[in-house]
1. What does region 16-151 give for Rg and for Dmax, in Å, if only its C-alpha atoms count?
2. Sticking to Cα atoms, compute the Rg of region 127-224 to one decimal and its Dmax as the biggest Cα-Cα distance, whole number, in Å.
3. Connecting C-alpha atoms closer than 10 Å in a GNM of the chain, tell me which of E151, E40, E87 has the biggest fluctuation.
4. Bin by bin, in steps of 5 Å, what percent of the Cα pairs in region 1-67 do you find, going until the bin that has the longest distance?
5. In nm, give the distance between the simple-model label positions of S11 and R200, each being 7 Å from the Cα along the Cα-to-Cβ direction.
6. Can you tell me the relative contact order of the chain? Whole percent, Cα pairs under 8 Å, sequence separation 6 or more.
7. What are the ³J(HN,Hα) values, in whole Hz, obtained from phi via the Karplus relation 6.51 cos²θ - 1.76 cosθ + 1.60 with θ = phi - 60°, for each residue of region 54-66 in sequence order, with x given for Gly and Pro?
8. Based solely on its DSSP helices, what 222 nm [θ] is calculated for the chain when runs of n ≥ 4 H residues each add -39,500 (n - 2.57) and the sum is averaged over all residues, nearest 500 deg cm²/dmol?
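Each reported figure results from applying straightforward, stated rules to the coordinates on display, with no laboratory input. Source: prediction; values computed, not measured. Note that we place each Cβ from the backbone using ideal geometry, even for glycine, and neighbour counts take in every protein chain shown.
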Amino acid sequence: MSRVLVVEDESAIAELISINLRHAGHEVSVADRAEQAQQEVDRVLPDLVILDWMLPGQSGLALAKRWRGEARTRELPIIMLTARAEESDKVSGLDAGADDYLTKPFSTHELMARIRAVLRRKAPEALDSVVELGALRLDPATRRVGGGGGEVKIGPTEFRLLHFLMTHPERVHSRSQLLDRVWGDHVFIEERTVDVHVKRLREALLPVGCSAMIETVRGVGYRLTQQVLVAPVDPN
């Protein structure tokens, strides 16, 4: 889960973006002017800012320049979202420090794809870090999963699913959220697909006694937890 700050003075647009972000599993805060946005950033540094250019008082462009000039916010990922569609405006936005630039009206699917891309670019080390939870150990660099003293044989989709669940443990994820975070553009993929891959993942984890770590939350989705007794591996 990433913390995203939406800086947008049009309440309908801010709400639309917020709904899509929360649906994808992100934590969202909203600011409708530059001063409030600065207060939010001072309070807790977000993982990403969706920044409107035209704001009451100070512009989003000036805000982006300010953040790029300060050590604490220099690496803060920024996607500029604006009605200013001229090439010169786009150049100005990118020169001010925006990582990406999207013009209004915009597609929410495209915005979400750009958000995923920026977050991936900004946190490659997190994607390559070894993750350990309970008896499970996942290494993205070598694509290996181990648990209970044995190695888990796992397919690429199940690997991505397990990686996401292990990096977001103890939280309940809906099928739609998992489709968005694991499969990406899921317009043509049915939610039933998630159930199939969860079943395969459980079967892969069964020999190392970790299948019970994936819990079904009836009517909601799935959760990975270490609050279970890991069964010993049957040597026979």
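1. Rg, Dmax (Cα atoms, Å): 17.9, 60.
2. Just the Cα atoms of region 127-224 yield Rg and Dmax of 12.7, 39 Å.
3. Comparing E151, E40, E87 in a Gaussian network model of the chain, the most mobile one is E87.
4. Going from the shortest bin to the longest, the percentages are 4, 19, 32, 25, 15, 4, 0.
5. 4.6
6. It rounds to 13 percent for the chain.
7. After applying 6.51 cos²θ - 1.76 cosθ + 1.60, I find 8, 10, x, x, 6, 7, x, 4, 5, 5, 4, 4, 5 Hz.
8. -11500 deg cm²/dmol
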